[in-house]
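Taking it in order: structure first as structure tokens, then the write-up.
The values are calculated or read from the model by the stated rules, or taken from the named source; none is laboratory data. Quick caveat: nothing in here was measured; it's all calculated off a predicted structure. Methodologically, a virtual Cβ is constructed for each residue, glycine included, from the backbone with ideal geometry; neighbour enumeration extends over all protein chains shown. To get the accessible areas, we keep the full protein, side chains included, count just its heavy atoms, and leave off ligands, DNA and RNA. Shrake-Rupley method; radii C 1.70, N 1.55, O 1.52, S 1.80 Å.
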2 protein chains.
Amino acid sequence: MIELELKHAALLREAQSRALPGIDTMRLCFQILALASTIDRACAQRLAPHGLSESKFVLLFLLRSEPNGLPPHELAHRAGVTRATITGLLDGLERDGLVTRNPDSVDRRKLIIALTEAGKVLAGDLFEEHTRWIASLFQDLDAPARQTLSTLLQRAWPEDAA
Amino acid sequence: MIELELKHAALLREAQSRALPGIDTMRLCFQILALASTIDRACAQRLAPHGLSESKFVLLFLLRSEPNGLPPHELAHRAGVTRATITGLLDGLERDGLVTRNPDSVDRRKLIIALTEAGKVLAGDLFEEHTRWIASLFQDLDAPARQTLSTLLQRAWPEDAA
DNA sequence: CCCTTATAGTACGGCGCCATACTAAAATCC
DNA sequence: GGATTTTAGTATGGCGCCGTACTATAAGGG
């Protein structure tokens, strides 16, 4: 059971006291935000004991299935962050001995990022564990309920809202 | 229509190729995360022209209905961040002339944060606009669909997942 | 072949967030 | 009433993220 965050509850109260329209869509929005940030927090908490953030875990995962490694800009694209952010994440992963930066033999602008042995082990262990955990979320919902929820989420976002 | 983030799509593909159980709950989880971060990004984008982050907006809003102001620790509690974070946000808001830090007349440890005139104007304008925007999200869903979605979200979170 | 443009990685500065640790002041407890 | 504990605000340092700007290299156009 997800509680709305205090700030959102306050916003909702104020809107309600002014009898503004769309109170229930606001509540819905805040419910989704609260659920997502609960998931994010739980995820971060699970990864912290391994010295990883969610982003670092994603990098390990992305590299896990690439024996030849990947250049930073490709990691940035696949992870959904900028190249500048990747630099910092790699600094940490390299410091912790999980990845190596190697020069590319043909394009001297590029680096090839690859997992170290320690990185491979950690990535392998965590993938299993993490996947099981994610799959365990929403286990209270049966298949039809999940299907309904998924469909509603698909329909939820208006095209022009961004 | 919300697309899964690349990183989540990759995770999903990998889980699928291994025929791991719970693929659809994973997809559901990633759908919610994608939707929430889309909302967060859109929100940030709407507030940026006013020189505000989402957190700063919340502070202005919280102070808007408190003519006597609030101390920082109370803002921290209501906004859902630590006192240390509030210090930084107030630094920015004070620099931009939106709030003032005043000493508390009875408890000399405390400060009283209050909106300036400019802060009141901005908070008033933005509250209307922002509320309308949030209420406009999910307008593609009719009332019964919103009700169903809300109920499913309520049921979604297992108690022991954190 | 040079000149321009695009790409790759990074440095730098800024924001938001936290944990930790510090100082001042209040509250509590003998 | 003096010592201890709690509370308030902040400083510091770290992480993750971004935009911007820089250097080196590659690719393309005349």
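Go through the residues of the range B:59-74 one by one and say whether even a single one is more than 19 Å from B:VAL121 (Cβ to Cβ), open to solvent by 40 Å² or more (accessible area, probe 1.4 Å), at pLDDT 95 or above and within 12 Å of DNA strand D (Cβ to nearest atom). Scanning the range B:59-74 turns up at least one residue that is more than 19 Å from B:VAL121 (Cβ to Cβ), open to solvent by 40 Å² or more (accessible area, probe 1.4 Å), at pLDDT 95 or above and within 12 Å of DNA strand D (Cβ to nearest atom).
Per-residue answers, yes or no, for (1) within 14 Å of chain A (Cβ to nearest Cβ); (2) touching a Lys or Arg at 6+ places or on another chain (Cβ under 9 Å):
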| position | (1), (2) |
| --- | --- |
| B:THR87 | no, no |
| B:GLY92 | no, yes |
| B:GLY97 | no, no |
| B:PRO103 | no, yes |
| B:ALA114 | no, yes |
| B:VAL121 | no, no |
| B:ARG132 | yes, no |
| B:PHE138 | yes, yes |
| B:GLN154 | yes, no |
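None of B:ASP125, B:ASP107, B:ASP160, B:ASP142 is over 23 Å from the mean Cα position of the chain (by Cα) and at pLDDT 90 or above except B:ASP107.
Against the definition (open to solvent by 20 Å² or more (accessible area, probe 1.4 Å), over 30 Å from A:ALA156 (Cβ atoms), more than 10 Å from DNA strand C (Cβ to nearest atom) and not aliphatic (A, V, I, L, M)), how does B:GLU129 come out, yes or no? No: the conditions fail for B:GLU129. The residue that is nearest to DNA strand D (Cβ to nearest atom), counting only those in the range A:77-100 that are part of a helix (DSSP H, G or I) and open to solvent by less than 20 Å² (accessible area, probe 1.4 Å), is A:GLY92. The residues of the range B:1-55 that are among the small types (Gly, Ala, Ser), more than 25 Å from the chain's Cα centre (by Cα) and open to solvent by 40 Å² or more (accessible area, probe 1.4 Å), listed by number, are B:SER17, B:ALA19.
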